[in-house]
Amino acid sequence: FIIGFKLSYLAFLSEHGPTMLLGTVTTVKVLICATILYVIISIIFGLMRISKNKFIQGIATVYIEFFRGTSLLVQLFWFYYVLPFFGISLEAFTAGVVAIGMNFGAYGALNFTPAKRMRKIIIPQIFPIILPPAANLTVELLKATALVALVTVVDLTFEAKQINAITWLSAQCFGTALLIYYIISRFFLVPFLRWLEVIAARKVGKDIV
């Protein structure tokens, strides 16, 4: 039975592997673009949130509370399906990146608490503070990229669903997708983020010295 399953799974990979690989490439693109956006938003609104100006603080608070208090899925649908009614049409990929980036940016901005204020905030000093929680948040962002399949972005999850609809090989389709997500997270994303933490910490140490 085990040998038979291995052979059938190898046949599955041979036939559908290239398609899932293309979906994986799209997933990685969404991950990279959404991460860049959420980091930028986190820094901007994080600094706004600890500003002494009450008006600026208010804007940041409204943004953070809104995106934290509503569902990412609803936000995704809003950007893709509702905005066109207001004359703003976004491609599926762009809508997915913007929704995820703005949602996670609201969570990332919370890393800037009053206790972490500095007299002179500069980028090298910010990174060692926000990178540890940002690393965990970025892994969560990777998981959230699967939602873009719901607005027709042809990512890994979308391809897995399409192949499953044709073959009905649910274990192979979603098992492979799950394995790919794990590999991206465990062997690429997490080590890269840990490396950034070390570099940032060393940089700040040199600047202080």
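Looking only at the range 20-40, decide whether some residue is over 26 Å from ALA109 (Cα atoms), open to solvent by 40 Å² or more (accessible area, probe 1.4 Å), in a helix (DSSP H, G or I) and free of Cβ contacts under 8 Å to residues at least 12 places away in the same chain. Steps first, please.
Step one: of the range 20-40, the residues over 26 Å from ALA109 (Cα atoms) are 20-26.
Still in the list and also open to solvent by 40 Å² or more (accessible area, probe 1.4 Å): 21-22, 25.
After this cut, where a residue has to be in a helix (DSSP H, G or I) as well, the list is 21-22, 25.
Now restrict to residues that are free of Cβ contacts under 8 Å to residues at least 12 places away in the same chain: 21, 25.
There is at least one residue in the range 20-40 that is over 26 Å from ALA109 (Cα atoms), open to solvent by 40 Å² or more (accessible area, probe 1.4 Å), in a helix (DSSP H, G or I) and free of Cβ contacts under 8 Å to residues at least 12 places away in the same chain.
In the range 87-109, the qualifying residues are those that are closer than 26 Å to ALA135 by Cβ and among the polar types (S, T, N, Q), and the one that is farthest from the chain's Cα centre (by Cα) is THR94.
Looking for something of a type in the set (D, E, K, R) and either modelled with pLDDT of 70 or more or closer than 20 Å to VAL198 by Cβ (or both) - is there at least one such residue anywhere in the range 119-128? No, that holds for no residue.
For the range 168-180, the set of residues classified as part of a helix (DSSP H, G or I) and open to solvent by 40 Å² or more (accessible area, probe 1.4 Å) consists of SER170, ALA171, PHE174, LEU178, LEU179, listed by residue number. The residues on offer are LEU110, LEU147, and the sole one that is open to solvent by 40 Å² or more (accessible area, probe 1.4 Å), at pLDDT 90 or above and either within 30 Å of THR24 (Cβ to Cβ) or assigned to a helix (DSSP H, G or I) (or both) is LEU147.
If you go through the range 48-86 and keep only what is over 25 Å from VAL30 (Cβ atoms) and surrounded by fewer than 16 Cβ atoms within 10 Å (Cβ to Cβ), you end up with SER51, LYS52, ASN53, LYS54, PHE55, ILE56, GLN57, GLY58, ILE59, THR61, VAL62, GLU65. Sub-7 Å Cβ pairs linking a first residue in the range 182-193 that is assigned to a helix (DSSP H, G or I) to a second residue that is of a type in the set (S, T, N, Q) and surrounded by 16 or more Cβ atoms within 10 Å (Cβ to Cβ), at least 6 apart or interchain, are LEU189/THR138; LEU193/THR138, ordered by first then second residue.
The values are calculated or read from the model by the stated rules, or taken from the named source; none is laboratory data. None of the values given here were measured: they were computed from a predicted structure. When we count neighbours, we look across all protein chains shown, and the Cβ atoms used for this are built from the backbone with ideal geometry, even at glycine. SASA here: full protein model, heavy atoms, side chains in, ligands and nucleic acids out. Shrake-Rupley method; radii C 1.70, N 1.55, O 1.52, S 1.80 Å.
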